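Read through the structure below, which is laid out as structure tokens, and then see the notes.
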Amino acid sequence: MKAVVFKAPDEPLEIAMVADPLPEEGELLLRVRASGICGSDLHMAQVRDRAGGMMPLPEGTILGHEFAGDIAAMGAGVEGWREGERICALPYLSCGRCEMCLSGHGHRCAEVVSTGLGKLAGAYAEYVRVGADQAMRLPESVDYRAGALVEPLAVGLHAVEAAGLQPGDAVLVVGAGPIGAAVTMWARFLGARQVCVSDLSPARAAAAAGFGATRCIDASSENVVAACKEAAGSRPQVIFDCVGVPGSQQLCMDYAPLYGRIVVAGVCMQPDTTIPAKAITKELALRYVYCYRRQDFEFTLDMLAAGRIDPAAMASHFVDFEGFPAAFEDLKKPGDQCKVLLEP
Ligand SMILES: [Zn+2]
Ligand SMILES: [Zn+2]
């Protein structure tokens, strides 16, 4: 099959022909129809040494953990599925029996194998193996593009759940990339009155209106706190760091009011310095989040099916295999893209 493979840190991905994957026992083979580029893929493709606890990717890795498609083949022992069914899937294989799996935290399973991080090839390819237990049917009204957005939408939902929003809260989302967009959507959905969104790219900031932002702030030219106060009448009670670069947490602490809450969803891979006194004197609550629960995936699919959320604007660019390596490189530089999808 055709795939896009990782060669070495900071080198462009390459299109290659690789052996067709075969579904093993309890697995489905998914024919990829849409596959998103995640910020974490960009990070992983740039890891050079083990600093920070991250392992450099092996050469030949096929990345990609945000995908949807249809069932092309089934492994032994699979029941309840048939070829051609449209699905998306949690991007990992796990035991399905332990406490973590049973509570929806399969990514914390001791036996977990993550999709697209080396051992189990990801969805920058024509086909990808998924667990039958991890697969979920796409409701009729949910197309492949939306199906590929379920994973980043679930990340956003999990972050907003962690914030403990009170109806009427004012929220600031720092960073209008895909996770910022998903957080904006769910914050509105779950009761925030004002959702201000700031981004250093004026175009990305403006695009946040499409996700329900009540005030789009161009952080390159506007004073973020002043803009929030103007829109919401106060500093935002809840701030989401959806950037994850050195300095972004400190920025959130600076923006926060007394007793404010900060949820860090952006994944910073470098040493970062903050001044704790700022957070201490304001008595800020700082919360980190990672991934999602299975229930977040399911709820996202339900709300897509019901037409309660519309993430179409999140997917900003579409490429085929030929255009994919260049699109991946472009995302390493600041730009106006939101989610870029491979459509094989
Ligand atoms: Zn992702
Ligand atoms: Zn398990």
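The alpha-carbon positions of segment 67-141 define a convex hull whose volume is 107 Å³ per residue.
With n ≥ 4 as the cut-off for DSSP H runs, can you work out [θ] at 222 nm for the chain, using -39500 (n - 2.57) per run divided by the number of residues, rounded to the nearest 500?
On the way: 10 runs with 91 residues, N = 344.
Taken over the chain, the calculation gives -7500 deg cm²/dmol.
Think of the chain as a dipole: +1 on every Lys or Arg Cβ, -1 on every Asp or Glu Cβ, centred on the Cα centre; then among Tyr127, Leu57, Met185, Met185 lies furthest on the positive end. Fraction of C-alpha pairs exceeding 20 angstrom in segment 156-288: 35 percent, rounded to a whole number. Over all other residues within a Cβ to Cβ distance under 11 Å of Ala205, the charged ones net out to -2, with Lys and Arg as +1 and Asp and Glu as -1.
Neighbour counts of other Cβ atoms within 10 Å put Met314, Met1 in the fewest-to-most order Met1, Met314.
If you take the Cα centroid of segment 147-171 and the Cα centroid of segment 38-117, the two points sit 21 Å apart.
Just checking the listed ones, Ala181, Ala305, Ala121: in the Gaussian network model of the chain with Cα springs under 10 Å, the one fluctuating most is Ala305. Fewest-first ordering of Cys38, Cys242, Cys268 by other beta carbons within 10 Å of each residue's beta carbon gives Cys268, Cys38, Cys242.
Considering every Cα-Cα pair within the chain, what fraction, in whole percent, is farther apart than 29 Å? Tail of the P(r) past 29 Å holds 38 percent of the pairs. Between Ala154, Ala110, Ala163, the residue with the greatest mean-square fluctuation in the GNM of the chain (Cα pairs under 10 Å linked by springs) is Ala110. All other residues whose Cβ lies under 15 angstrom from that of Lys2 are scored, Lys and Arg at +1 and Asp and Glu at -1, for a net of -4.
The charge dipole of the chain, taken about the Cα centre with unit charges on the Cβ atoms of Lys, Arg (+1) and Asp, Glu (-1), comes to about 1040 debye, rounded to the nearest 20.
With a Förster radius of 41 Å applied to the beta-carbon distance between Lys332 and Glu79, the computed FRET efficiency rounds to 0.45. The H on the amide N of Arg33, modeled in the peptide plane, is under 5 Å from the matching H of Ala68, Gly69, Asp70, each at least 5 residues off or on a different chain. Positive-end ranking of Ala226, Gln295, Val174 along the dipole of the chain, with charges on Cβ about the Cα centre, is headed by Ala226. Note on segment 304-344: semi-axes of the ellipsoid equivalent to its C-alpha gyration tensor, largest first and rounded to whole Å, are 24, 13, 5. Stokes-Einstein diffusion of segment 1-119 at 25 °C, 0.890 mPa s viscosity, Kirkwood radius from Cα pairs, rounded to a whole number: 156 µm²/s. Note on the chain: with a GNM built from Cα contacts shorter than 10 Å, the maximum mean-square fluctuation among Ala265, Ala159, Ala313 falls on Ala313.
Taking amide hydrogens as placed 1.01 Å from N in the peptide plane, the amide H of Phe240 sits under 5 Å from those of Leu172, Val173, Val174, Val263, each at least 5 positions away in sequence or on another chain.
Here Ser103, Ser35 are placed in order of increasing Cβ neighbour count within 10 Å, fewest first, which gives Ser103, Ser35. How much net charge surrounds Ala148 when only other residues with a Cβ under 11 Å from its Cβ are counted (Lys, Arg +1; Asp, Glu -1)? Once positives and negatives cancel, what remains is -1.
Rule-based calculations on the coordinates, nothing more; no lab input. Only a predicted model underlies this, so the values are computations on that prediction, with no experimental measurement involved. Neighbour counts are summed over all protein chains in view; Cβ atoms, including those assigned to glycine, are modelled from backbone coordinates with ideal geometry.
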